[in-house]
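Remarks on the structure that follows.
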């Protein structure tokens, strides 16, 4: 795909990640920015692993494994992780 | 007021990643040897989890006859093997009279998980029309209790206890209560777990709490817990009963304490942990500054280890800097419902031999866990009184206070 399509896809990823987080954290989607941290949103560690599960299910990707400690993680960081996982999936196997 | 009934430990048995008996576990722990290794599982290639603390070289057919074996899930096999060792060490031979005065209380987090997983695969993946007829008797949570009761003719009060990662300590506390309350003279008690099924590992993976390198409790570089399996079973007796028969007493179970956080379903609360530790000390009639060693819950997660440190500081104040705290989960892994029982082997060893097992795999200190966690090497230290902590998901806490044999 070309750069324009890739930008569109990234925009979609951001939109959908915002949707998932807004629904899980029960916050107004309009207040979300890539700089927002999950802690800012009052997201507990259990909410956070549900957010990741929802994202993985939606994009059919597996985000890097690590212990759930999302205090310092930003929404933008999650979006980057999704984009990286999608890019890795796009690579031809072998 | 009469002197309260005292409870002592006269036998112990264990099955763990460090071997098939309590001596292997204890020797491994004081050598600082970790039982954590590459995950052995038929579906290992598909799993993100690459490590676990699994029981090595376990051939059930070497331990159980062909008539009994079909009745036993792995979780009951571990429990029976550990019970055999514990009862053997105690020297007790159960006749009808003693059997009636003997309780069996065993904790488990999930029970017959191997059976559950296998039969689910048959049902859903192979579309099987029928399941194995012994499915229920293998997987029921009380199966380990019932199998021990049947094997030794123990007909006193017997039941299973479930509180996830605190199941062992709650079970031992219940047994202690039966002895203190006069409902039994002897109790066979502990915990067992065999939880490394595909389904359970996948479920733990989804919690994103498993470490991918090893278990490093209290260390700055800790990355989560490592699942384990096994069983620890003890023979508890009233002091009077043990003395009357001239038994060798390994240690005294001096007190128990329990509490519930009533907070988050997973995030631990220092106040709940602190209340359980205080309750155990009060029950034992001891002061905080008499404690020499704490075998920590110490899972190796960011949240547990920092919260447990705060709870210990809250209870012990300045004495927190004098006592030793170690997490043996760094070596036997987190065997969930069996953990507290494996850790009681460590605590009994510490009070008997004056050696405190280390926190293995330790790298750099974390300011949030600023206790003497006995990094990497066992330490000689006289231990007159020790606590063993267990704090479960769901906020259920149970602490055992163990003292030297009276």
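The numbers here are math on the coordinates, done by the rules we state, and not lab data. A quick note: this is a predicted structure, and the numbers were derived from the prediction, not measured. So basically every Cβ, Gly included, is an ideal-geometry build from the backbone, and we count neighbours across all protein chains shown.
General remarks:
- The range B:329-406: C-alpha gyration tensor shape, a/c 1.5 cut-off, then a/b vs b/c: oblate
- The distance from the alpha carbon centre of the range B:377-406 to that of the range B:166-238 is 13 Å, rounded to a whole number.
- Kirkwood hydrodynamic radius over Cα pairs of the protein assembly as shown, then Stokes diffusion coefficient at 20 °C and 1.002 mPa s, in µm²/s: 91 µm²/s
- Residue among B:190, B:263, B:32 with the largest mean-square fluctuation in a Gaussian network model of chain B, springs linking Cα atoms under 10 Å: B:263
- The range A:13-86 and the range B:90-112: distance between their alpha carbon centers, rounded to Å: 49 Å
- Ordering of A:47-54, B:351-358 by packing [mean C-beta count within 10 Å, highest first]: B:351-358, A:47-54
- Sequence-separation-based contact order of the range B:366-406, relative, with Cα cut under 8 Å and 6+ spacing, percent: 32 percent
- Each peptide in B:172-180, B:44-52 was scored by the mean count of other Cβ atoms within 10 Å over its residues; highest first, the order is B:172-180, B:44-52.
- Eigen-decomposition of the gyration tensor built on the alpha-carbon atoms of the range B:235-359 gives equivalent ellipsoid semi-axes of 26, 17, 15 angstrom, largest listed first.
- Counting, for every residue in B:222-231, the Cβ atoms of other protein chains within 10 Å of its Cβ and taking the mean gives 1.
- Taking a ≥ b ≥ c as the square roots of the eigenvalues of the Cα gyration tensor, chain B is oblate, since a/c reaches 1.5 or more and a/b is not larger than b/c.
- The protection proxy used here, the mean number of other Cβ atoms lying within 10 Å of each residue, ranks peptides B:160-167, B:368-375, B:181-188, B:121-128 as follows, highest first: B:160-167, B:181-188, B:368-375, B:121-128.
- Shielding score for A:43-52, defined as the mean number of other chain Cβ atoms within 10 Å: 3
- Anisotropy class of the range B:227-284 from Cα gyration tensor, a/c 1.5 cut: oblate
- With contributions of -39500 (n - 2.57) from each DSSP H run of at least four residues, the per-residue ellipticity at 222 nm computed over the protein assembly as shown stands at -11500 deg cm²/dmol.
- Sequence-separation-based contact order of the range B:106-172, relative, with Cα cut under 8 Å and 6+ spacing, percent: 49 percent
- Averaged over B:204-213, number of beta-carbon atoms from partner chains that fall within 10 Å: 4
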